[in-house]
Amino acid sequence: MAQQHFLHQRPIQNPFTNPFSSSPLSYSSISNRPISLLSRNGLLLLLALLVILGVFLPWAGSPLFPFPNRTSSSSSSSQSKWRDYSLAQAVKFTAKNGTVIVCIVSYPYLPFLNNWLISVSRQKHQDQVLVIAEDYATLYKVNEKWPGHAVLIPPALDSQTAHKFGSQGFFNFTSRRPQHLLHIVELGYNVMYNDVDMVWLQDPFQYLEGSHDAYFMDDMTAIKPLNHSHDLPPPGKKGRPYICSCMIFLRPTNGAKLLMKKWIEELKDQPWSKAKKANDQPGFNWALLKTAHQVDLYLLPQAAFPTGGLYFKNATWVKETKGKHVIIHNNYIVGFEKKIKRFRDFGLWLVDDHAQESPLGKLQ
């Protein structure tokens with residue numbers, strides 16, 4: 001004969017009082033004798049408990065609920081983890097074959113980051129990307145979507161002022177760039193830096209010929225011959241070259257370290273002021289000029305790495321060099337909306353229809 005299973009261990013809880021109270025039921029209709037789970041009273045008790053759980057569990061995420069929510073605790077723990085995430089740890093995680101691709105981003109630039117990432121993903125290099133976040137909102141958003149691919153080097157900057165070209169916030173934002181790059185090469189890694197208002201059309205690594213210390217692209221619109229020299233161009237009217245600091249590749253050599261240290265010195269000597277609204281690029285050009293006799297420098301081919309002032313404004317040249325373009329920089333124009341419109345006009349604003357190709361997916 002099958003043996004019935006009874007509840008013997010503890011007194012039955014009152015389903016109509018606080019579900020976390022341990023006081024026993026006092027209704028006379030329920031006696032102290034064991035109650036079968038299959039009996040009418042047992043089934044009523046189970047039903048009442050299910051109702052109670054259905055009412056109270058949804059409140060577990062509310063601040064009024066007296067117990068911590070696992071999700072909130074997990075989120076807080078995750079944010080604490082990324083606050084303690086170091087540049088050395090992040091580079092070790094993202095680098096492939098000793099090389100890491102770095103961009104530096106504040107929160108207003110997230111749409112551009114996503115657009116750039118789609119183009120990088122199409123060349124199968126997205127796993128090497130490390131986002132250096134300049135504010136905690138960017139740090140948490142990127143790592144929420146793509147864990148381990150964002151790091152913040154304190155202090156965090158004001159994300160709402162850092163993106164305004166010509167502002168002190170923009171200078172503070174860009175002037176930290178050589179320090180980050182120096183740290184990475186001192187750790188022993190190759191590093192490619194990109195601004196995120198760029199789009200990859202081909203794999204740029206095939207153009208990093210030889211074993212030079214530093215590679216960079218011209219920022220001038222004057223058309224060069226296809227077989228132009230790869231030496232540092234001569235100084236312009238201001239006494240320095242016009243090289244873009246938007247795309248730099250460095251090897252972990254003494255020459256690359258010297259260049260970054262000189263760039264840092266130049267930025268300290270030419271700080272931002274209301275009269276002279278400096279940015280990082282003149283300092284980079286002075287550093288190139290002053291270390292050219294000590295550093296092995298390499299100017300990338302113009303047809304592959306054109307400045308925005310050439311690519312977006314000289315349709316004849318673009319047609320003549322079709323198939324040779326590798327990275328397009330959306331410079332020589334100021335303003336988010338203007339940059340986005342120009343990218344759209346040239347079929348380079350990819351996030352509208354291809355957000356799923358980015359490691360971040362569609363950003364809300």
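The values are calculated or read from the model by the stated rules, or taken from the named source; none is laboratory data. All values derive from a computational prediction rather than experimental measurement. For neighbour counting, all protein chains shown are included, and Cβ atoms are generated from backbone atoms with ideal geometry for every residue, glycine included. Heads up: the accessible areas ignore ligands, DNA and RNA and are worked out on the full protein's heavy atoms, side chains in. Shrake-Rupley method; radii C 1.70, N 1.55, O 1.52, S 1.80 Å.
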**Asked** Within straight cross-link reach of K81, meaning Cα distance under 16 Å, which aspartates and glutamates are found once same-chain residues fewer than 8 apart are removed?
**Response** D135, E144
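Find the eigenvalues of the gyration tensor of the Cα atoms of region 171-214, then list the square roots of 5 times those eigenvalues as equivalent ellipsoid semi-axes, largest first, in whole angstrom.
Values: eigenvalues 87, 61, 12 Å².
Sorted largest first and rounded, they come to 21, 17, 8 Å.
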**Request:** Of the options V351, P301, I340, report the single residue whose Cα projects farthest towards the positive end of the charge dipole of region 275-364 (beta-carbon charges: Lys, Arg +1; Asp, Glu -1).
**Result:** I340
**Message:** What do you get for trypsin sites (Lys or Arg not before Pro) in region 175-283 restricted to DSSP loop and a cutoff of at most 15 other Cβ within 10 Å of the site's Cβ?
**Reply:** K237, K238, K274, K276, K277
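Please report the net charge: other residues with Cβ closer than 15 Å to the Cβ of W317, K and R +1, D and E -1.
Numbers: positive: K224, K313, K319, K322, K324; negative: D218, E320.
Net local charge, W317 excluded: +3.
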**Item:** Reachable lysines, given that their alpha-carbon falls under 29 Å from the alpha-carbon of K341 and they are not under 8 places away in the same chain
**Value:** K124, K141, K145, K164, K224, K277, K313, K319, K322, K324, K362
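Taking the Cα centre of region 237-364 as origin, work out the dipole magnitude from +1 charges on Lys and Arg Cβ and -1 charges on Asp and Glu Cβ, in debye rounded to 20. The partial results should precede the final answer.
Details: 22 positive and 11 negative charges, 99 e Å.
Roughly 480 debye for region 237-364.
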**Item:** Difference of contour (0.36 nm per residue) and Cα-Cα distance, D296 to S86
**Value:** 72.6 nm
**Request:** Report the full-extension gain for the segment Q206 to E186: residue separation times 0.36 nm, less the Cα-Cα distance, to one decimal in nm.
**Result:** 4.8 nm
**Fill in**
With every protein chain kept in place and a 1.4 Å probe, region 296-359 has an accessible area per residue in Å² of 48 Å²
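Contour minus end-to-end for F346 and N314, with contour as 0.36 nm per residue of separation and end-to-end as the Cα-Cα distance? Could you put the intermediate results ahead of the total?
Numbers: separation 32, 0.36 × 32 = 11.52 nm, distance 1.27 nm.
Answer, rounded to one decimal: 10.3 nm.
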**Prompt:** S229: net charge of surrounding residues, Cβ under 15 Å, Lys/Arg +1, Asp/Glu -1, itself excluded?
**Reply:** -3
**Request:** Treating only the Cβ atoms of Lys and Arg (+1) and Asp and Glu (-1) as charged, compute the dipole magnitude of region 183-225 about its Cα centre; round to the nearest 20 debye.
**Result:** 100 debye
**Prompt:** What distance in nm separates the simple spin-label points at F336 and D353, each placed 7 Å from Cα in the Cβ direction?
**Reply:** 2.4 nm
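Name the trypsin sites (Lys or Arg not before Pro) in region 281-360 that are in a loop by DSSP and that have at most 11 other C-beta atoms within 10 Å, would you?
Passing sites in region 281-360 are K322.
I need the shape label for region 204-320. Rule: rounded when a/c is under 1.5, else prolate if a/b > b/c, else oblate, with a, b, c from the alpha carbon gyration tensor. Intermediate values should be presented prior to the final figure.
Details: a/c = 2.11, a/b = 1.24, b/c = 1.70.
It comes out oblate by the Cα gyration axes.
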